[in-house]
Amino acid sequence: MARFFDDMLHALRRLLTKPEENSLSALPPGRASAAPQSQRAEEANAAPGAALAPKPQMGQKRIIFDISDLIQFLRESRIPSGIQRVQLNIIHYAVTDFRDRANPIIVYFDQAQNDWLHIPEDIFLAFYQATEANDEADEEAFQTLMQGLSKHQPLVAHLTQFSPHDHFLLVNLGSSWWIENYFQKIRELRKYHDLRYVPMIHDCIPLMVPEHCPSALVEDFRHWFFGAMLQADAVLTNSHWSGKDIDHHLNAAFPDAALPVHPIALNGNMRSHLAGRALTERGIVGHILPSKAPFVLCVGTLESRKNHILLFKAWARLIERHGTEAVPYLICLGRAGWLFDEAAEFLRANPALHERILLISSLTDGALATLYEECLFSIFNSFYEGWGLPVTESLSFGTLPLVASNTSLTEAGGKAAVYFRDNDLEDISEKLEMLIFNNTKRLALRDHARANAAIRDWRAVADEFIDRIIATEPSAALRQAKFLHLPLGQLIHLGKATAPTPPLERALGDLLRDGLNWHRPEDWGSWTKPGVASLSLPLPDDLAERDLLLCLRLRGPAFATPIKISFFTDGKHVFGPIEREIGRGKRLGLWFNLRLKAKQLRLDIDGGAGTSLGPNDRDVGIGVTHLMLCHAGDAEARRSFLRAFPEFGLASRLKGRATLERIDIPGQ
């Protein structure tokens with residue numbers, strides 16, 4: 001514990017360091033700096049204190065680990081779940097044993113500052129040790145460490161110390177779909193650095209079994225997934241089953257898209273990982289159960305997807321057949337999750353189960369290790385998984401797992417686990433009776449499991465991750481060039497997509513908004529931030545010398561707002577700014593007649609000083625809801641735009657509810 005406090009004190013001293021003012025969010029709204037990378041590097045090296053930074057070798061690969069998901073989780077609990085444990089272990093080895101190869105940079109996304117902040121390695125190691133500490137007396141030091149995160153240096157400022165020839169690999173081992181405008185921030189970093197984006201997709205559960213997920217999560221994941229398919233240079237996943245799911249949805253959305261997907265088994269040895277720690281909760285079973293009482297262990301979130309109700313029904317059948325005293329306890333360890341009501345109601349309606357089933361929300365690692373070691377066997381039932389960490393955790397302790405035969409669980413269990421048919425009450429009841437009442441058979445199967453378990457040290461898992469990440473070559477630009485074109489005659493929504501929206505439209509709604517001067521997408525569309533926000537429109541190849549119509553629908557905030565719109569083709573200013581005013585809460589439709597000889601059209605929309613949406617809310621420029629590009633002579637496309645927005649009907653316009661205007665832009 002003394003070591004923990006020493007590390008905490010060292011970490012707290014680092015918190016006093018004042019971050020530099022330079023940050024990604026401080027760049028001119030929506031625009032990349034005109035200075036070349038070499039010039040920015042020279043300016044950074046000339047900055048005070050830059051001489052103290054070690055001069056890196058040219059062209060090194062550096063892994064940027066985004067731990068936003070981990071930090072978000074630790075704000076609620078210091079006891080890591082499976083995905084958090086994976087992140088902690090892999091990054092721990094990246095900053096210790098494999099530091100020279102990984103050249104790690106650790107960041108997290110600070111919502112208040114709307115920016116990635118660099119986390120020094122000693123701060124990460126302090127968090128790593130804090131998740132292993134069991135004494136609640138450390139809580140104050142841990143919270144101080146957490147509160148100091150916002151004082152660290154923005155990522156862009158930190159990257160100025162490195163060579164402009166370095167290659168950066170942004171890796172997120174958790175989730176990121178909850179981070180506002182995540183892909184826009186990646187695209188902005190790519191304007192300054194050779195950046196390759198490598199997300200880890202643990203599973204496609206929201207796409208495969210959406211009925212077991214909150215609807216908001218399903219839509220957020222769907223929106224993020226199809227954007228990631230165009231933004232990522234490679235994808236990490238944890239099983240061949242998950243890799244197959246990713247490939248299926250990728251190719252359904254973007255046929256013949258080339259995206260490397262790397263399955264890496266999460267079969268780390270939890271027992272050896274915990275062996276070097278002072279785990280004190282060895283008597284935990286005595287606090288939970290009567291002395292020497294046999295029990296079976298089930299680890300997993302209490303939610304409908306884990307199918308606990310099948311286990312409860314099987315235990316009810318065991319009690320009915322053999323009597324309560326003959327049936328072992330079932331300990332279900334996991335936090336309450338989504339749609340557990342049916343299973344909970346089954347428990348309430350069967351009083352006999354109250355004496356044999358215990359629900360426990362959380363335990364320390366030491367207590368969990370004890371449960372794995374002392375249970376008769378473990379059981380893991382689920383409708384769908386991406387890997388199945390409790391299966392390999394059980395095997396690492398030499399404990400036999402009884403596992404549902406579906407999805408990736410057969411990869412996690414391999415030749416070592418005992419399987420029952422998916423969601424089959426008869427088969428699971430038969431396997432339970434065999435393991436509970438036939439000691440000789442159970443011990444023989446346990447010995448077989450120990451001999452055949454495919455378990456490796458977490459160091460080896462981390463080694464494979466780093467190899468895969470470092471080997472990543474750019475691929476996102478090729479997919480974008482192939483698939484990312486603005487479709488003619490198709491209305492594009494710039495807000496959150498609805499369920500039936502095709503994948504390309506989902507991706508376009510996010511990818512067309514360029515730069516950092518946009519707020520998060522909402523159901524109706526997106527607010528710009530005060531100042532200039534850009535729409536970057538990749539054009540089809542066959543538009544040369546064709547008259548086109550670009551339709552844009554804008555929404556006014558609470559006060560009348562003057563706006564300016566400028567046009568650029570392939571980075572060159574060609575028209576504007578045109579100046580208009582949008583009345584309070586009104587809608588403005590602008591139809592631009594134009595002829596293009598370019599591959600890229602950019603609109604800069606200047607919403608001026610901005611308007612507040614209210615106390616403690618955001619300052620916004622203007623709302624942008626939809627756009628459409630079509631041939632000027634496409635009468636049906638024009639009619640579909642008007643049908644979608646009845647406020648542009650003549651009667652509505654005469655009453656001042658909306659304005660529709662056609663503007664000619666000189667030929668290019």
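The values are calculated or read from the model by the stated rules, or taken from the named source; none is laboratory data. Here the structure is a predicted model, which means the values were calculated and not measured. Cβ: placed from backbone, ideal geometry, glycine included. Neighbour counts: every protein chain shown. What goes into the accessible areas is simple: the full protein's heavy atoms, side chains included, and nothing from ligands, DNA or RNA. Shrake-Rupley method; radii C 1.70, N 1.55, O 1.52, S 1.80 Å.
For the range 537-556, which residues satisfy the criterion of being in contact (Cβ under 8 Å) with a residue 60 or more places away in the chain and open to solvent by 20 Å² or more (accessible area, probe 1.4 Å)? Full working, then the answer.
Initially, the range 537-556 is screened for residues in contact (Cβ under 8 Å) with a residue 60 or more places away in the chain, giving 537-539, 546-556.
Correct list: Arg546, Asp547, Arg553, Arg555.
Collect the residues in the range 104-121 that are within 18 Å of the chain's Cα centre (by Cα) and either modelled with pLDDT of 95 or more or among the aromatic types (Phe, Trp, Tyr) (or both), keeping them in residue-number order. Write out each step before concluding.
In the first step, residues of the range 104-121 are kept if they are within 18 Å of the chain's Cα centre (by Cα); the result is 106-111, 114-117.
If the condition is that a residue be within 18 Å of the chain's Cα centre (by Cα) and either modelled with pLDDT of 95 or more or among the aromatic types (Phe, Trp, Tyr) (or both), then Ile106, Val107, Tyr108, Phe109, Trp116, Leu117 are the ones that fit.
Scan the range 446-466 residue by residue and report those that are closer than 11 Å to Thr399 by Cα and basic (Lys, Arg).
We begin by selecting, within the range 446-466, every residue closer than 11 Å to Thr399 by Cα; these are 446-450, 453.
Listed by number, the residues that qualify are Arg446, Arg450.
Of all residues in the range 621-668, which are open to solvent by 50 Å² or more (accessible area, probe 1.4 Å), assigned to a loop (DSSP other than H, G, I, E, B) and either among the acidic types (Asp, Glu) or under 15 Å from Ile582 (Cβ atoms) (or both)?
Passing the criteria: Asp634, Arg657.
Name the residues in the range 250-278 that are assigned to a helix (DSSP H, G or I), within 28 Å of Gln480 (Cβ to Cβ) and touching a residue at least 60 places away in the same chain (Cβ under 8 Å), would you?
First, pick out the residues of the range 250-278 that are assigned to a helix (DSSP H, G or I): 250-253, 270-275.
From what's left, within 28 Å of Gln480 (Cβ to Cβ): 250-253.
Passing the criteria: Ala252, Ala253.
Which condition from (1) at pLDDT 95 or above; (2) within 27 Å of the chain's Cα centre (by Cα) is the one that Met270 breaks?
Only one criterion is unmet by Met270, namely (1).
Taking the range 149-205 as the search range and keeping residues that are under 20 Å from Leu70 (Cα atoms), touching a Lys or Arg at 6+ places or on another chain (Cβ under 8 Å) and not hydrophobic (A, V, I, L, M, F, W, C), which one is most open to solvent (accessible area, probe 1.4 Å)?
Lys151
Where the second residue is open to solvent by 10 Å² or more (accessible area, probe 1.4 Å) and charged (D, E, K, R) and the first is closer than 17 Å to Leu125 by Cβ and lies in the range 66-95, which pairs have Cβ atoms under 8 Å and are six or more apart or on separate chains?
Cβ pairs passing all conditions: Arg78/Glu139; Gln84/Asp69; Gln87/Asp69; Tyr93/Arg459; Tyr93/Asp463; Val95/Glu121.
Based on this model, can you work out whether Val532 counts as over 19 Å from Arg618 (Cα atoms), β-branched (Val, Ile, Thr) and open to solvent by 10 Å² or more (accessible area, probe 1.4 Å)? I'd like the intermediate steps shown before the answer.
On the way: over 19 Å from Arg618 (Cα atoms): no; β-branched (Val, Ile, Thr): yes; open to solvent by 10 Å² or more (accessible area, probe 1.4 Å): yes.
Answer is no for this residue.
Please enumerate the residues belonging to the range 100-129 that are in contact with a Phe, Trp or Tyr (Cβ under 9 Å, 6 or more places away or on another chain) and assigned to a helix (DSSP H, G or I).
Result: Ala102, Phe124, Ala126, Phe127, Gln129.
Need at least 1 residues that are over 17 Å from Gly386 (Cα atoms) and of a type in the set (Val, Ile, Thr) per element, so show me which helices (runs of 4 or more DSSP H) inside the range 398-458 make the cut, counting only ones lying wholly within it. Please lay out each step first, then the result.
On the way: elements: 409-413, 425-437, 439-452.
Filter on the range 398-458 gives 425-437, 439-452.
Considering each residue of the range 649-668, count those that are of a type outside the set (S, T, N, Q) and over 30 Å from Thr569 (Cα atoms), and give that number. Step through it out loud before you land on a result.
If we filter the range 649-668 for residues that are of a type outside the set (S, T, N, Q), which is where we start, we get 649-651, 653-658, 660-667.
Now restrict to residues that are over 30 Å from Thr569 (Cα atoms): 649-651, 653-657.
Going through the range 649-668 one residue at a time, the tally reaches 8.
I'm checking my understanding of the structure. Among residues of the range 209-255 that are in contact with a Ser or Thr (Cβ under 7 Å, 6 or more places away or on another chain) and of a type outside the set (A, V, I, L, M, F, W, C), which one is surrounded by the most Cβ atoms within 10 Å (Cβ to Cβ)?
Here the residue is Ser242.
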